[in-house]
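Below: one structure, written as structure tokens.
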Amino acid sequence: MADYGIKISQAGFDVGTVADKDTIFTSKGSTPKVLSEGSASVSVGSADAGGPLASQGLTSVAHGLSYAPAYLSFCRIGTQTNRYHANNITGVPAETDYHHFWTYTDGTNINFVVGKNFQASDAGSTCSHSIYYYILADPAE
Amino acid sequence: MADYGIKISKSGFDVGTASNKDLAFSSSLDTLKVYSSGSINMTAAGTATATHNLGYIPSFTSFAKFNGGQHDGKVFSLPAHFPSFFSKFIHAGTDTLKIVIESLPGTATSIDVKYVIFINQML
């Protein structure tokens, strides 16, 4: 069968001879496809004191797929302004605690977890964290 | 030379006036292009290697599915580090020849690492 497909070169490159890495698009390589995107929030309570991850919050969003999809996620810890952390981050200092953010998918949901290292000086506080996520059509397993 | 290219707008937006963030595709913007992907099962801490032979350092992404233990069936993007039940990092890296994955499964009996290497040159 003849070679066929679609290729778009970057500016300054001849599409007839361009290397794959210098293309904007080539049908030789599939591209990640965003299935859905949205925002969510995770609240972390103030239930107890002491120790790593003394408090954790979990928010789950159903993705409607039969497999665990790939994803991108970003989290703004507490009241930090315009500072979004990607996918997994540990030890973010905010509001007198150290916060940790993880995302994972399974066959049903995309799940966002925020935990914090509770400190006695922060007794009684709760935090809300803003999430933005992209669920990709491409499987992560 | 006249302005030319291909643009596809998201539903509800006029392709003639849509801003980049409201496009599904634009030939003026680069896309991530998959070069190869695969899975590696790891039953213990260590290093696993996938060779790509691109001759440059490509962009990549990777995920780990936990089998057994506290997080059975969950899929995390890498790198990931969980202080309460992991004593070491999981992280992915790459060089001109291979993508290297180091892991310590913690309470899991094994992990399945799914990696995707992009054609896009990082360095």
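The values are calculated or read from the model by the stated rules, or taken from the named source; none is laboratory data. In this text, all values refer to a predicted model and were calculated from it rather than measured experimentally. Every residue, glycine among them, receives a Cβ derived from its backbone with ideal geometry; neighbour counts consider all protein chains shown. Protein only, heavy atoms only, side chains kept; ligands, DNA and RNA dropped before computing areas. Shrake-Rupley method; radii C 1.70, N 1.55, O 1.52, S 1.80 Å.
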Members of the stretch A:1-44 found to be polar (S, T, N, Q) and part of a loop (DSSP other than H, G, I, E, B), listed by number: A:10, A:17, A:27, A:30, A:31
field: the stretch B:53-64, residues that are open to solvent by 50 Å² or more (accessible area, probe 1.4 Å) and facing another protein chain (nearest Cβ under 10 Å)
entry: B:55
- prompt: Can we say residue A:85 is in a strand (DSSP E or B), at pLDDT below 90, crowded, with 20+ Cβ neighbours inside 10 Å and not hydroxyl-bearing (Ser, Thr, Tyr)?
  reply: no
The lone exception for residue A:110 - which of (1) modelled with pLDDT of 75 or more; (2) surrounded by fewer than 20 Cβ atoms within 10 Å (Cβ to Cβ); (3) at the interface with another protein chain (Cβ under 10 Å from one of its Cβ atoms) it fails: (2)
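Is there a residue in the stretch B:6-13 that is outside any loop (DSSP other than H, G, I, E, B), among the charged types (D, E, K, R) and more than 28 Å from residue A:103 (Cβ to Cβ)? Show your work before the answer.
As a first pass, look at the stretch B:6-13 and keep what is outside any loop (DSSP other than H, G, I, E, B): B:7-9.
Retained after the next criterion (residues that are among the charged types (D, E, K, R)): B:7.
The next check asks that each one be more than 28 Å from residue A:103 (Cβ to Cβ); those that pass are B:7.
Yes, the stretch B:6-13 contains at least one residue that is outside any loop (DSSP other than H, G, I, E, B), among the charged types (D, E, K, R) and more than 28 Å from residue A:103 (Cβ to Cβ).
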statement: Within the stretch B:66-94, the count of residues that are modelled with pLDDT of 60 or more, of a type outside the set (S, T, N, Q) and open to solvent by 50 Å² or more (accessible area, probe 1.4 Å) comes to 2
Residue in the stretch A:120-131 that is part of a strand (DSSP E or B), over 30 Å from residue B:40 (Cα atoms), at pLDDT 70 or above and open to solvent by 10 Å² or more (accessible area, probe 1.4 Å) present: yes
